[in-house]
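What follows is one structure encoded as structure tokens, with my remarks underneath.
The values are calculated or read from the model by the stated rules, or taken from the named source; none is laboratory data. The shown structure was predicted, so the numbers you read here are calculated from the model rather than taken from an experiment. Virtual Cβ from ideal backbone geometry, glycine too; neighbours counted across all protein chains shown. Note: areas computed on protein heavy atoms with side chains; ligands, DNA, RNA excluded. Shrake-Rupley method; radii C 1.70, N 1.55, O 1.52, S 1.80 Å.
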Amino acid sequence: MSKKSSQPITVKKATVPNTKKQPSLLPFNPENPIFKKVFFGLIALLFVLIPLMSLKTGINGDERFQVFIAKYIGGFYTSFGKDKRVLLTRDEVMPTYEKGGMEAVKKQFNVDQVPQENNLKNYGGLFELLSATVAKMLGYSSDEQVGFHTTRHVLLGLITALIILFAGLTAKELLGWRAAIITALLLFVSPRFIGDGLMNNKDIPFALGYMMSTYFMLRFIKQFPKPDIKSTIGVLGGIAIAMGIRVGGLLLIMEFGLFCIIAWFYAASVLKESGFDSTGLRNAVIKAAVACFGGYFLGVFFWPYGLLSPISNPLAVLEEQSKFPVFINQLFEGEVISSKDLPWYYLSKFILITSPIVVLLGLPIAIYTIYHYRKNLKPVLVLFVVFVALFPLLYISYQKANVYNAWRHVLFIYAPLVVLSGIGFDLLLRLLQKNVYQYVAVGVMAVLAIMPLSFIAANTGYAYVYFNPLVGGMKGAYGQYVTDYWMISTREATEWLVENEIKKAPSKVVVASDCVYPVQVYLNSVKDKASLIYSRYYDRSNKDWDYGIFYSEFVNPYQLQKGLWPPDGTIYEVKAGGIPLCAVVKRTSKADLLGQQAMQANNFPKAVEELERAKQVYPRNEAVYTNLGLAYLNMGNVPKGIEALSKSFELFPSDPITNYYLGVAYVQNNPPNVNMAIEYVAKAVQLNPGFTQAQEALNQLNQMRGNTAPRF
């Protein structure tokens, strides 16, 4: 082969006329060698800063699932696969727990907790193995220790810095070191990305595998027909990391194979470049195969269930995950919608309203400037980054896959998107030939970056709840879109409660919460002073507790929008961007509980007495008025019953129970108002189609009115 034919594909730098006349000062000469030093200096700073920022975040609600893997995955490997506790499912363990409690579970399964899900085995254990090993080395062997979780979060901070590194290097491969700096800065001022990067132990490690693979795949394709060993190993490592977290890592193999074919065809057939012969093809195919198969099997090695059957089990999980059976109600556009019924644009809109404006602005600029410089750029390489950034999003939206919790399931595409935004801004600076215009462009970028950066600085622990000005920021999104779905705000709430109330309490107190796992870990330091019970927010009047920690995700949007939350008795609010995420509630009276207990004992006069007192203390508690209305109905005082139930309806019109009993009350009224009864009972059925008692009542009411078809 000739010397000429052995040369790899190179990408011409995007330039503008009269480049030599440009000053050598920043930011105007994209070839200034100082940019490389600045980039690596910035990355070094982020490797220190982001892990430090992770110290301010809290335990997320899903860690109660993942820590089971962290506890028992080590035993799987040290026993060479004989210890299979890490593969236990909830359905396997629960019957034993229900019969004999945790003692029976320990005796039969040798575990100290019940797995929280049946599908834990479907997830790779790479991060869990790493974090558990490091935590144990530091003396944290139990997830009841705060340090156990802090270790995990610091590791995630380092992983986040790695994602920024590879995103910057990807931009460098396309344009140069200045584009790398812009990309890194855009990622750092992205609150959603940084916020998840401090505590999201599922999506952030997977995003690292995805971004690392993207970078090395780009290099691999760029070096055709002779990709070097570093690129091959890099692709292998990226795929392995992704596969070691989720079976979705298979997507990378598909993307890589597709673009290897496209790039080869483009160079050999369209550009007719030399070196693309059978020898070059064989060399590229061998290295690509090594990267794909090596990455796949290395990733499966860190996935116990996948390792048991490296081909059939991953394929079975892939099919199962595509039909994920768990549906979760989500607050979207002011309505609570099941995840199976979310509109096709759910992910796209969430990305649009939660990404910094400066990042979004860079994308249309990228489209224009890439077109303008199309002769100076390698189109296959740009198309590759566009594909890895957009294809997963478009495919999931087209399939209407089961997604929830904003766009965390596609968090891995964000860094490639920011790469496109970064090269867009870099190309814009090349296009603006006058210094004054470049100054203006840099100034606009800086001003637009200030808002999200200031949000991160002010709300480091909750940065991921950020909303941009397209929806009016946090205040505009409040009650319209979900905020703290990770339950991160429970840390600040619990620590405040411990320091300001529990430590000063004369006797042991009971704390109720709808997010018990994180709260329990932070309460472990005062076990002798406080115990914890689980309570749904709307069951708070029916449980015996002294203090409550409730967060906003499970609160009906109507109550959020009308200022009916935080509830009566709130003594502390955790806020981000001026809106409450979590409330600490002090129960100053248990009249609501006593009234409910009297109801259960059929002592309705006593119930009325207690609940009348309770409504004076908790005038915005819908459950108090519902119970009071039922007590009056049972005493035969229908007008009073309707009055109390109507007040409950005013506070919480989406409660099916209240609607049902209002319907019952109007039937019992003198004279009966069947039309009003049907209206309320029909709404109860609409709100809860599984409410069989309401459905039966609706059928009877329609027959009373002479209409056999239910009216909704």
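Odds and ends about this structure:
- Which listed residue, of 111, 154, is assigned to a loop (DSSP other than H, G, I, E, B) and in contact (Cβ under 8 Å) with a residue 24 or more places away in the chain: 111
- Residues of the stretch 225-272 satisfying the condition of being of a type in the set (D, E, K, R) and surrounded by 21 or more Cβ atoms within 10 Å (Cβ to Cβ): 246
- Top-ranked residue in the stretch 59-79 [being outside any helix (DSSP H, G or I) and of a type in the set (S, T, N, Q); ranked as nearest to residue 125 (Cα to Cα)]: 79
- Filtering 144, 128, 117 for residues that are charged (D, E, K, R), surrounded by 21 or more Cβ atoms within 10 Å (Cβ to Cβ) and within 23 Å of residue 490 (Cβ to Cβ) leaves a single hit, 128.
- Subset of the stretch 570-582 (residues that are surrounded by fewer than 24 Cβ atoms within 10 Å (Cβ to Cβ) and in contact (Cβ under 8 Å) with a residue 12 or more places away in the chain): 570, 571, 572, 577, 578, 579, 580
- Within the stretch 557-569, being open to solvent by 40 Å² or more (accessible area, probe 1.4 Å) and not in a helix (DSSP H, G or I) holds for 562, 563.
- Answer residue from the stretch 375-426, given it is of a type in the set (D, E, K, R) and part of a helix (DSSP H, G or I) and is nearest to residue 345 (Cα to Cα) among those: 408
- Residue count for the stretch 681-696 satisfying the condition of being open to solvent by less than 30 Å² (accessible area, probe 1.4 Å) and assigned to a helix (DSSP H, G or I): 5.
- Counting only helices (runs of 4 or more DSSP H) that fall entirely inside the stretch 169-235 and contain at least 1 residues that are among the acidic types (Asp, Glu), the qualifying elements are 191-197, 203-222.
- Residue that is touching a residue at least 60 places away in the same chain (Cβ under 8 Å), open to solvent by 20 Å² or more (accessible area, probe 1.4 Å) and of a type in the set (A, V, I, L, M, F, W, C), where the choices are 342, 315, 347, 361: 361
- Evaluation of residue 77 against (1) open to solvent by 20 Å² or more (accessible area, probe 1.4 Å); (2) hydroxyl-bearing (Ser, Thr, Tyr); (3) farther than 30 Å from residue 437 by Cβ; (4) modelled with pLDDT under 50 (one fails), failing number: (4)
- Check on residue 96, part of a helix (DSSP H, G or I), open to solvent by 40 Å² or more (accessible area, probe 1.4 Å) and on the phi < 0 side of the Ramachandran plot: no
- Looking only at the stretch 482-517, and only at residues there that are out of contact with any strand residue (DSSP E or B) (no Cβ under 9 Å at 6 or more places or on another chain) and of a type outside the set (Gly, Ala, Ser), the one that is nearest to residue 346 (Cα to Cα): 486
- Of all residues in the stretch 589-610, those that are surrounded by fewer than 24 Cβ atoms within 10 Å (Cβ to Cβ), among the aliphatic types (A, V, I, L, M), part of a helix (DSSP H, G or I) and more than 37 Å from the chain's Cα centre (by Cα) total 5.
- Search result, residues across the stretch 318-339 that are out of contact with any Leu (no Cβ under 7 Å at 6 or more places or on another chain) and open to solvent by less than 60 Å² (accessible area, probe 1.4 Å): 321, 324, 328, 331, 334, 337, 338, 339
- Filtered residue count, the stretch 611-663, keeping only those that are open to solvent by 30 Å² or more (accessible area, probe 1.4 Å), outside any helix (DSSP H, G or I) and closer than 18 Å to residue 598 by Cβ: 3
- Boolean, residue 365 is under 24 Å from residue 476 (Cα atoms) and assigned to a helix (DSSP H, G or I): no
- In summary, residue 290 fulfils each of the numbered conditions (1) surrounded by 21 or more Cβ atoms within 10 Å (Cβ to Cβ); (2) touching a Ser or Thr at 6+ places or on another chain (Cβ under 7 Å) with the single exception of condition (1).
- Residue count for the stretch 122-134 satisfying the condition of being touching a residue at least 40 places away in the same chain (Cβ under 8 Å) and aliphatic (A, V, I, L, M): 3.
Yes/no matrix, rows are residues, columns are (1) small (Gly, Ala, Ser); (2) out of contact with any helix residue (DSSP H, G or I) (no Cβ under 9 Å at 6 or more places or on another chain); (3) at pLDDT 90 or above:
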| site | (1), (2), (3) |
| --- | --- |
| 292 | no, no, yes |
| 301 | no, no, yes |
| 306 | yes, no, yes |
| 312 | yes, yes, yes |
| 340 | no, yes, no |
| 348 | yes, no, yes |
| 361 | no, no, yes |
| 372 | no, no, no |
| 378 | no, no, no |
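- Some residue of the stretch 448-471 being more than 22 Å from the chain's Cα centre (by Cα) and more than 29 Å from residue 560 (Cα to Cα): yes
- Given (1) surrounded by fewer than 24 Cβ atoms within 10 Å (Cβ to Cβ); (2) of a type in the set (A, V, I, L, M, F, W, C); (3) modelled with pLDDT of 95 or more, index of the condition residue 554 fails: (3)
- Test: residue 105 is in a loop (DSSP other than H, G, I, E, B) and in contact with a helix residue (DSSP H, G or I) (Cβ under 6 Å, 6 or more places away or on another chain): no
- In the set (1) out of contact with any helix residue (DSSP H, G or I) (no Cβ under 6 Å at 6 or more places or on another chain); (2) touching a residue at least 60 places away in the same chain (Cβ under 8 Å); (3) outside any helix (DSSP H, G or I), residue 149 fails one condition alone, (3).
- Against the list (1) within 17 Å of residue 654 (Cβ to Cβ); (2) modelled with pLDDT under 90, the condition residue 686 fails is (2).
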